[in-house]
Amino acid sequence: MGFIYAEHYRNRIICNTLEAASPAWRSNLSTQELEAIVEFYTVDRPLHVADEEELLFPMLRKRCKPMDNLPGILALLEGEHRSDQPLIDSVIGGLSDLIKSGSVGEPGLFAEKCRAMSDFQRRHLAWENSVLMPLAKRRLTKSDIIDLGRGMAERRGVNLDAYDTDANDPDANDGYGDE
């Protein structure tokens with residue numbers, strides 16, 4: 001769960017960076033910084049969305065109670081995952097132009113797209129951090145959390161078998177699944 005929060009935090013930092021960088025793009029961000037932002041939105045964010053939609057959301061569907069209104073929450077978040085992609089792709093295109101040529105075709109329009117994407121991402125992350133993540137903490141069991149972590153690690157090619165996860169320690173209290 002901490003890794004998901006960390007990805008949300010990285011996304012917010014990138015949104016703040018994009019907004020602060022406009023309109024003098026090239027003077028404010030190095031090629032390395034621009035490439036890191038592009039990598040986040042082309043590599044890390046798709047992995048993150050897959051973690052949520054293929055691992056976390058099904059676990060929540062299994063554990064949540066009718067009073068949690070999970071179907072409505074997940075419909076909103078899954079819809080946002082799809083609807084924000086064209087704007088993200090447009091921003092990635094502009095960032096790629098900056099990397100290649102040091103400029104973007106219409107700086108004002110590009111800055112507006114960056115602001116719109118950043119606003120959208122912040123709203124989405126606020127929903128996830130204030131509604132979804134507390135619900136996950138309340139409903140998921142320790143075993144669910146371990147399975148989530150293993151699935152996320154596997155998606156990234158990391159073998160967790162070499163690490164001690166306290167998975168078999170009944171005295172380990174992580175605060176999950178207390179209900």
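Taken together, the values in this text are just the output of simple stated rules run on the coordinates, not laboratory data. Note that this is a predicted model, so its numbers are computed, not measured.
Observations, loosely collected:
- J(HN,Hα) series, segment 109-122, from Karplus relation 6.51 cos²θ - 1.76 cosθ + 1.60, nearest Hz, glycine and proline x: 5, 5, 4, 5, 5, 5, 5, 4, 4, 5, 4, 4, 4, 4
- Stokes-Einstein D in µm²/s, Kirkwood radius over Cα pairs - segment 1-57 at 20 °C with 1.002 mPa s viscosity: 174 µm²/s
- Cα principal axis extents for the chain, largest first, Å: 57, 39, 21
- Amide proton proximity set for SER22, modelled H, under 5 Å, gap of 5+: none
- Each part gets one Cα centre, and for segment 90-112 versus segment 1-72 those centres are 21 Å apart.
- Normalising the average separation of contacting C-alpha pairs (under 8 angstrom, six or more residues apart) by the number of residues puts the relative contact order of the chain at 32 percent.
- Summarising the amide proton neighbourhood of LEU140: residues at separation of 5 or more, or on other chains, whose placed amide H is nearer than 5 Å comprise GLY177.
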